[in-house]
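A quick write-up on the structure given underneath.
The values are calculated or read from the model by the stated rules, or taken from the named source; none is laboratory data. Because the structure is predicted, anything quoted here is derived from the model rather than measured. Using ideal geometry, Cβ is built from the backbone for each residue, glycine included, and neighbour counts are taken over all protein chains shown. Note: accessible area is taken over every heavy atom of the protein model, side chains too, but ligands, DNA and RNA are not part of it. Shrake-Rupley method; radii C 1.70, N 1.55, O 1.52, S 1.80 Å.
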Amino acid sequence: DADIVCLQEVDKDVYETFEPLLHNRGYEGVLQLGNPKKKGEGKDIPGLATFFRRSIFEKNWVIASYRASILGLTIKKGHEKGRVLALLNCHLEGAPWKHKERKDQLNAAIRKLKKADFSYSLLCGDFNGSLEDNSLALNTAIKHGYRSVYLNHPSRDISCLISPREVDPKNPNIYMVDNILHGSSLTPIAVMNVMNSSWNRKKVIKRGLPSLHWPSDHLSVGAILSFSKSSNLRTGVVANPEPKTFTNLEEERKKARSELENALSNKELKIWNKFEMAEDEQKCLNRLSPGTIEVVKKRSQAKQNFLDSLSAEKQKIIKSYAIAKKKSKAKKGQNKSKGLKKVNKQKHKAY
């Protein structure tokens, strides 16, 4: 239910496939292909796709830059109605040794952005430079007054991984190449854990990316931000508080998941994971077709048969995990709602 979605490495045919689907869900999309500096050149440069909710934003202006797409989105509701959010979606040079090229690409894009008319600004995308490697590009963004929502935050982790042998499990943060950076007039309320469970994290580190479970070589990053009064960020003083996390209930869910993994055999765990993944995918659908409803009924019966085949102790552990998972998801929704209410009291609405 994100209000803004930024995608990188999007081909035209892929964009044309899922753009109608997102349009039906209330989004408007903008695709930038190739090198805007030279018409017809740079066809090998992956596309940048940016989507935003039509009910909240209206496209005001578009600026094309090399490896960056910049949009001006006019806010349509709330106390910020009429103001413009500048959104920079980038996919910087990928060659590991081309630090200067990445810096120059982002610097040029930010300079173009700053010439436009806006009240708030947000940078996101694939920077191909991690939080740990003194990335010139990220340092450039910081000098321009931007700050990562993941900086010094426990939720940061791997976001890009090609081969598991490349990763030191004790210090995987060097692979946090995807990022979200905010200007001084935006405040992060919460950030999304890149790895959504210990099971996912272990599998990613063990198998690498892409895989059958993760068809991309990158994992998603996300954040909830609110509009705020000006801070001292532009002068280099970090004034914003650290983002809040969904710690307690999320830790309970992780603990329950760990107990479940220890209790079930490898075969039983594999079967349970399939049921869980299918149910999560089902929840993403707005409407179920008659055929899908029939599949759901059969899967529900198969799940019940599987649970009946387990011991009472294992059933109890699975039930505890399901409850912890449900509470954790509900808490995330409450935290978002509380963030909105708090900002409303300050007459600054968060989206």
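Annotations for the structure displayed:
- Of all positions in the stretch 83-90, none carries a residue that is farther than 21 Å from Ala223 by Cβ and in contact with a strand residue (DSSP E or B) (Cβ under 9 Å, 6 or more places away or on another chain).
- Condition met for Glu276 (at pLDDT below 85, surrounded by 12 or more Cβ atoms within 10 Å (Cβ to Cβ) and within 25 Å of Arg25 (Cβ to Cβ)): yes
- Residue match in the stretch 260-271 (condition: outside any helix (DSSP H, G or I), open to solvent by less than 60 Å² (accessible area, probe 1.4 Å), of a type in the set (Gly, Ala, Ser) and modelled with pLDDT of 80 or more): yes
- The set of residues from the stretch 181-210 being of a type in the set (Gly, Ala, Ser) and either open to solvent by less than 30 Å² (accessible area, probe 1.4 Å) or at pLDDT 85 or above (or both) comprises Gly183, Ser184, Ser185, Ala190, Ser197, Gly208.
- Of all residues in the stretch 211-223, those satisfying the criterion of being under 23 Å from Glu276 (Cα atoms), aliphatic (A, V, I, L, M) and modelled with pLDDT of 80 or more are Leu219, Val221.
One line per residue, one yes/no per condition, for (1) among the hydroxyl-bearing types (Ser, Thr, Tyr); (2) open to solvent by less than 70 Å² (accessible area, probe 1.4 Å):
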residue	(1), (2)
Tyr66	yes, yes
Ile75	no, yes
Cys90	no, yes
Leu106	no, yes
Asp117	no, no
Leu123	no, yes
